[in-house]
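No lab work stands behind these numbers, since they all come straight from the coordinates. Bear in mind the structure is a predicted one, so any value in this text is a computation, not a measurement. Cβ: placed from backbone, ideal geometry, glycine included. Neighbour counts: every protein chain shown.
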Amino acid sequence: MTLARCDGIVLAAGAGTRFGMPKVLAGDGDWLRAAVGALHDGGCARVVVVLGATGPALREDGPDGNSTRLVSQTPRIAIPPGARPVWAADWAAGVSASLRAGLAAVAGGPALEHDLAARMAAGGTVAARITANGNAADGNTGPAAGPPEFVAIMPVDTPDIGGDAVARVIAAAYESSSGVARAVFRGEPGHPVVLGRAHWPGAVSKADGNSGAGTYLKQRADMVCVTCDDLATGIDRDYPRDSTR
């Protein structure tokens, strides 16, 4: 039996005001690599990294003709292999902007709410395009390159969450009738959040300011809560003193 595809989104656009710098830069990219690795290890076929405060990803051409996308040149932090960067130009609006940009990227089109619903409902072949905000097309077309059935969402600042927690929540979403699940730590909602495609327009429509998918999820009595206390703390690191992994 072939499971439906799940892609991953890393929300890494914030300025990290309380942390003292954008958290995508934490540990010279350690947190970014941990988030991307957790999504890949947990079963995500593709991963999108949503950037914001650090600007669009920079292109670095190597002597062999291959190019690398960089979050930062000093320190040099590259987008991890197997991940694709997108830039939320309106990142300062809050997490809602990052969520819209990430879902639009996995859906295969620009971050426009009215367009998002139509694209996701249509499914099938949707080619990404080069946008005015610095996001490059990925060149993927054809049925296999269309939108996934599920997406797993992770912030960049929960570095102790690994692939085992991601896999557990994805499995719960697959097995549920609702297609929506999230990790729970010590009885509190955490990440990852896994959303079936049918939920993406609702999550986008309810997202506002610094509220991402949470507002939508609070209204879902059919959301599956997945206890992951045995796998990680799930703590999001808001201050430099929390940065020890």
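With each label modelled as a point 7 angstrom along the Cα→C-beta vector, the D238-Q219 pair spans 2.6 nm. For the range 35-46, the Karplus equation 6.51 cos²θ - 1.76 cosθ + 1.60, evaluated at θ = phi - 60°, returns couplings of 5, 5, x, 4, 5, 4, 5, x, x, 6, 6, 9 Hz by residue, with Gly and Pro reported as x.
Wrap a convex hull around the Cα atoms of the range 154-245, take a quarter of its surface area, and give that in square nanometres.
Values: hull surface 25.0 nm².
Taking the Cα atoms of the range 154-245, their convex hull projects to 6.3 nm² on average.
The order of the peptides 153-163, 84-94 by mean Cβ neighbours within 10 Å, most packed first, is 153-163, 84-94. The Cβ shell under 12 Å around A38 holds other residues with a net charge of -1, Lys and Arg each +1, Asp and Glu each -1. Values of log10 I(q)/I(0) for the range 1-59 across q = 0.17, 0.18 Å⁻¹ run -0.60, -0.66, by the Debye formula with one identical scatterer at each alpha carbon and no solvent.
Summary of the geometry: the range 75-92 and the range 184-220, compared by the centres of their Cα atoms, lie 22 Å apart. Between E60 and M21, the modelled labels are 1.5 nm apart [label points 7 Å from Cα along Cα→Cβ]. Shown for E60, E175: other C-beta atoms within 10 Å of each C-beta, ranked fewest to most, produce the order E175, E60.
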